[in-house]
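The values are calculated or read from the model by the stated rules, or taken from the named source; none is laboratory data. Note that the structure is predicted; figures quoted are calculated from it, not measured. Counting neighbours? That spans all protein chains shown, and the Cβs are built from the backbone with ideal geometry, glycine included.
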Amino acid sequence: MTTHPNLAVISRYAQGGADLDDATVWSVEVHLEGCADCRARLAGSTAPDTRALLDRVAAAMDEAIVAGPPPAPVRRPWSTGRRRWLVWALGPWLGMTLSVLACALLLTMAWPGLPSLVLLIAPVAPLPGVAVAWSRRADPAWELIVGAPGAGLMMLLRRTATVLAVIVPALALTGAGARQPFALMLLPCLACTAATIGLGGRFGVRRAALAVGGIWVAAVVLPTIVTADVPVVLRPASTPVWALATVALAAYVATRSTDYRWLSSRD
Ligand SMILES: [Zn+2]
């Protein structure tokens, strides 16, 4: 701290400092920032009319604050709740998925003798939405949200529930249109979603969605298109296996909540 300015300098500063050179004014101001004693001396050195003016300003501000309009309503709870369940970037991806399902239904109805495309793509239908639901690229408030105590696996599960709330009814409708059993539409879809979330904590949800989707397309969709025969994994006899796999993968996801506590592991 600089040395205390003497009382005469403080008094002249309190009068406006017109007769003080700039270097003195600056050194007084720097000193006043760090010295409560000199701030008290400065307050005592102001002229009575200046103190009266300050008192009038303070009283007027108090009245204006008391008589002013009430504070604007706080909208944070809705905003917070919405972000737990939804990120707006999901909209276009869900729209695209619904469009693809509709096209698959039209193709299935046009060529009823071939394996249903609706059945083939149902397992991977929620994956684009799940990948976007937990992506730093899609959510502008990503760092804030992920750093919040309520984030992590529970938030991803809530947003996944939002995705499924759109996709599952669409699967039910297109599955009925394509005359496919609903269990074979739903269970592989839930199993692939759970696999994506289970792997996502370690490798990133987007990478996990790409891997699960890629494996499904390479191992099931492409061979089916080539052979024009319904694969074993999508025949009604496979339903109990899918049910078991879904339960096992869901149990695995329940044990991976710690994976979602790291910012760097997700993308
Ligand atoms: Zn001082």
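At a glance:
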item: Index of the failed condition, V226 passing every other in (1) β-branched (V, I, T); (2) touching a residue at least 12 places away in the same chain (Cβ under 8 Å); (3) surrounded by fewer than 15 Cβ atoms within 10 Å (Cβ to Cβ); result: (2)
item: Single residue of the range 1-18 satisfying the filter (within 9 Å of S45 (Cα to Cα) and either within 11 Å of the ligand (Cβ to nearest atom) or surrounded by fewer than 15 Cβ atoms within 10 Å (Cβ to Cβ) (or both)) that is modelled with the lowest pLDDT; result: Q15
item: Test: residue in the range 239-249 that is modelled with pLDDT under 80, within 22 Å of G152 (Cβ to Cβ) and within 28 Å of the chain's Cα centre (by Cα); result: no
item: Close pairs from the range 30-57: first among the small types (G, A, S), partner within 13 Å of the ligand (Cβ to nearest atom) and part of a helix (DSSP H, G or I), Cβ under 8 Å, at least 6 apart; result: S45/L7; S45/I10; S45/Y13
item: Qualifying positions in the range 149-198 - assigned to a loop (DSSP other than H, G, I, E, B) and either small (G, A, S) or farther than 24 Å from V217 by Cα (or both); result: P149, G150, A151, G152, A178
item: Qualifying residue in the range 171-194 (condition: farther than 28 Å from M109 by Cβ and either surrounded by 13 or more Cβ atoms within 10 Å (Cβ to Cβ) or at pLDDT below 90 (or both)); result: yes
item: Residues of the range 25-42 satisfying the condition of being within 14 Å of the ligand (Cβ to nearest atom), surrounded by 12 or more Cβ atoms within 10 Å (Cβ to Cβ) and assigned to a helix (DSSP H, G or I); result: S27, V28, V30, H31, L32, C38, R39, R41, L42
item: Filter pass, A211 being surrounded by 14 or more Cβ atoms within 10 Å (Cβ to Cβ), free of Cβ contacts under 8 Å to residues at least 60 places away in the same chain and either out of contact with any helix residue (DSSP H, G or I) (no Cβ under 6 Å at 6 or more places or on another chain) or within 26 Å of T255 (Cβ to Cβ) (or both); result: yes
item: Flag for I197 being out of contact with any helix residue (DSSP H, G or I) (no Cβ under 7 Å at 6 or more places or on another chain) and either modelled with pLDDT of 85 or more or assigned by TED's automatic domain parsing to the domain that holds L127 (or both); result: no
item: Residue in the range 246-254 that is among the hydroxyl-bearing types (S, T, Y), surrounded by 17 or more Cβ atoms within 10 Å (Cβ to Cβ) and closer than 17 Å to L120 by Cα present; result: no
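A quick yes/no check of all residues on (1) of a type in the set (S, T, N, Q); (2) at pLDDT 65 or above; (3) within 25 Å of T224 (Cα to Cα); (4) not assigned by TED's automatic domain parsing to the domain that holds G201:
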residue: L54; (1), (2), (3), (4): no, yes, no, yes
residue: E63; (1), (2), (3), (4): no, yes, no, yes
residue: R82; (1), (2), (3), (4): no, no, no, no
residue: V87; (1), (2), (3), (4): no, no, no, no
residue: G91; (1), (2), (3), (4): no, yes, no, no
residue: A104; (1), (2), (3), (4): no, yes, yes, no
residue: L114; (1), (2), (3), (4): no, yes, yes, no
residue: L127; (1), (2), (3), (4): no, yes, yes, no
residue: V132; (1), (2), (3), (4): no, yes, no, no
